[in-house]
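As C-alpha cells, the structure follows; a few thoughts come after it.
The values are calculated or read from the model by the stated rules, or taken from the named source; none is laboratory data. Computed from a prediction, not measured in an experiment: that's the story for all the values here. Note that each Cβ is placed from the backbone with ideal geometry, even for glycine, and that neighbours are counted across all protein chains shown. Ligands, DNA and RNA are stripped out before the accessible areas are found, and what is left, the full protein with its side chains, is counted by its heavy atoms. Shrake-Rupley method; radii C 1.70, N 1.55, O 1.52, S 1.80 Å.
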Amino acid sequence: MPNTVESNNNNVCNGPLNGKRIILGVTGGIAAYKAAYLASALVQRGADVHVVMTQHAMQLVAPATFWSLTKNPVITGLFELPTKSEIEHVSLPESADLLLIAPATANIIGKMANGLADDMLSTMALVVRCPVIIAPAMNVNMYTNPIVVANVDRLRQHEYIILEPEIGRLACGNEGIGRLLDPDKIIQRVEEVLIGGRRDYARLNVLVTAGPTQEPIDPVRFITNRSSGKMGYAIAEMAAKRGACVTLVSGPTDLPAPEGVEVINVTTVHEMHDAVITRIKDVNVMVSAAAPADFTPAQVRDQKVKKSEKWTLELDRADDILEEVGQMKGRMVLVGFAAETEKIEEYAKIKLEKKNLDLIVANDVSPGSDVFGSDTNQVTLFSRTGEKIEWPRMSKREVANAILDYVKNHFMEALS
Ligand code: CTP
C-alpha cells in the first residue's frame, strides 16, 4: 500500500485540462527536477495531478516539492501501511485519465516492457487502463543500447506513447540523444492526448487514399496486394482529430471508419482513380497512402474460368492516380508513399520528381520488414526541398502525426 506525503487541500483551477486526473510518475534520472515544472504546468492547466515517485527519484527531488505544487499526497512506497487519506489513492490508477512518466529511466522502461511490478509506479503502470505517455531521459549509450531499443519498441507496439528524447549535451557530459523532451512539448502532447489538442488543420481539406485495390479477373477471382490500409487510416484519423475536413478513399480493408472522416469505399484502381479525380478540386493536402494496382487484367472473364482450361493472363498498365494529380496540383501539398524492397533512396527520389510531389514517405517492404498489417512503421522522408529525415520505428498513428507536422511546418505557405 502506498506511503504518502499528506495534504488535505484540493485543486481549484480552470483550464484546458480541468477535470482530468493525471498520474505523474517520476523516476530517478537527473532530469527528475524537470518533473516539478511539469507538475506545476499541468496543475496550472486545471489537471488533478497525483505524483508517484520511485525510491531513486526521491534521492534527487524531495516529495514535498510535488506535494506543494499539486496539493495532493505524493505516493512514494508500495509496502507501508496506508494512512486514512490514502484509501482514495488505491483507486487512483482506475480513475486516472492519463499516466505520464517523465523522466523515464531505462529501468522503468525495462520493467514495463516485461510486465514487472516491484514498486508503486511499475504496479500502477500495469493496472491503469488510460493512455500512458513515456518520456525517456538517459545517457546516449543507454538509450541506443539494443536492449533498451527493443524495450521501447515493445512498449510502442502496445500503444504506449513514447516521446522521443532530444539530442544535445547530457548530464553525464556526453553529446547525443537522451535529453528529456522539452517540458513544454511534453505538456503539448498531454493536451493532444487528453483533449484532442491541436486544431492546426482546421478549415483544411485533406484527401487520403488507403488500402489495396482488387482487380477482378473472373467473377470469383481478383488480383490484389498485401496493403492493410492501416497507415492511410491513421493519417485520415489524425488529420480529422486536428480539425481537417477529411475524405478517405479506401480500397477493401477490414478497418473501421475513423471518427469524423468521410469514407468512400472503392474496389478497383479505376474506381479509386475516379473517386479521387472527382473530389480533388478543393483539396489542400492529398496523402496517397494506398497501394493501387499498377496493372489491371486486359480482359475480365464473364464466367468462372475452369481449371481444366489453360489460362494466360494479359495485364495492362493501370492509371497512376498520384502522377495524374501531380500534373494538375497547383497549390495543393502532395504527399506520396514509396514502398520499396531495394534502393529505397534512389527509387523514392525518382518518384518524388516524376510524380511532382512535395514529400515522399519511403518504407522498406522487403521480406522480413514487417510493415504490412503491422501497427508500427519505420519510414524515411524525402522532401522536394532536398531534406532527408529518417524516423525511428513508431506507431502508425505517431508516423501519421509526424507527417502532418512536417507538412504543416514546411509547406505552411501553400496551406494558408
Ligand atoms: N500510386 C498511385 N496509383 C497507382 C500506383 C501508385 O497513386 N496506380 C501511388 C501510391 O499511392 C504511392 C505512390 O504512387 O503514393 C508510389 O507507389 P509505389 O507502389 O511505391 O510505386 P509505383 O509508382 O507504383 O512504382 P513501382 O511499382 O514501379 O515501384
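Starting from 0.36 nm per residue, how many nanometres of slack lie between Ser374 and Arg203 once their C-alpha separation is accounted for? Walk me through the numbers before you get to the answer.
Values: separation 171, 0.36 × 171 = 61.56 nm, distance 3.14 nm.
Gain in length upon complete extension: 58.4 nm.
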The equivalent-ellipsoid semi-axes of the chain, taken as the square roots of five times the Cα gyration tensor eigenvalues and listed largest first in whole Å, are 47, 22, 21
Modelled label reach - Lys281, point 7 Å along Cα→Cβ, the range 228-256 residues with backbone N closer than 12 Å
none
If you wrap the range 114-170's Cα atoms in a convex hull and average its projection over all directions, what's the area in nm²?
4.4
Using only the alpha-carbon atoms of the range 92-239 as identical scatterers, what base-10 log of I(q)/I(0) does the Debye formula give at q = 0.12, 0.19, 0.20 Å⁻¹?
-0.67, -1.18, -1.24
Expressed as a percent, the accessible surface of the chain that is carbon or sulfur, using a 1.4 Å probe and the full set of protein chains, is 50
Can you tell me the accessible area per residue over the range 124-203, all protein chains present, probe 1.4 angstrom, in square angstrom?
50
Just need the relative contact order of the chain here, percent rounded to a whole number, with Cα pairs under 8 Å and 6+ apart.
11
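Let's test the formula: R0 of 51 Å, r as the Cβ-Cβ distance of Glu166 and Phe295. What FRET efficiency results, to the nearest 0.05?
Numbers: r = 46 Å, r/R0 = 0.89.
E(calc), rounded to 0.05, equals 0.65.
Hey, could you get me the Stokes-Einstein D for the range 3-195, Kirkwood radius over alpha-carbon pairs, 20 °C and 1.002 mPa s, rounded to whole µm² s⁻¹? All intermediate terms of the calculation are to be shown ahead of the outcome.
Details: Rh = 16.5 Å.
Value of D from the Cα-based Kirkwood radius: 130 µm²/s.
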Phi angles of the range 160-167, converted by Karplus (6.51 cos²θ - 1.76 cosθ + 1.60, θ = phi - 60°) into ³J(HN,Hα) in whole Hz with x for Gly and Pro, give 6, 8, 9, 9, 3, x, 8, 8
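Explain nothing, just the number: relative contact order of the range 3-195, from Cα pairs under 8 Å at least 6 residues apart, as a whole percent. Each step should come with its number before you reach the end.
Details: 407 pairs, mean separation 42.9, N = 193.
Relative contact order here is 22 percent.
Pick out, in residue order, every one of the GluC sites (Glu not before Pro) in the range 294-363 that is DSSP loop and has at most 12 other C-beta atoms within 10 Å; say none if there are none.
On the way: sites: Glu309, Glu314, Glu323, Glu324, Glu340, Glu342, Glu345, Glu346, Glu353; in loops: Glu309, Glu314, Glu342.
Answer in residue order: Glu309, Glu314, Glu342.
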Which one of Pro63, Leu207, Leu116 is farthest out on the positive end of the charge dipole of the chain, using unit charges on Cβ (Lys, Arg +1; Asp, Glu -1) and the Cα centre as origin?
Pro63
Calculate, for the range 205-415, the solvent-accessible area per residue in square angstrom, rolling a 1.4 angstrom probe over the heavy atoms of the protein chains.
49
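Could you pull out the chymotrypsin sites (Phe, Trp or Tyr not before Pro) across the range 185-258 that fall in loop regions by DSSP (anything but H, G, I, E, B) with no more than 15 other Cβ atoms inside 10 Å? Could you put the intermediate results ahead of the total?
On the way: sites: Tyr201, Phe222, Tyr233; in loops: Tyr201.
Sparse-neighbourhood loop chymotrypsin sites (Phe, Trp or Tyr not before Pro): none present.
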Amide H of Ala104 versus every other amide H placed in the peptide plane: which residues, excluding those fewer than 5 positions away on the same chain, fall under 5 Å?
Ala135, Ala137
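Can you list the equivalent-ellipsoid semi-axes of the range 177-311, largest first and in whole Å, using the square root of 5 times each Cα gyration tensor eigenvalue? Present the calculation step by step, with values, prior to reporting the outcome.
Numbers: eigenvalues 301, 57, 25 Å².
Largest first, the range 177-311 gives 39, 17, 11 Å.
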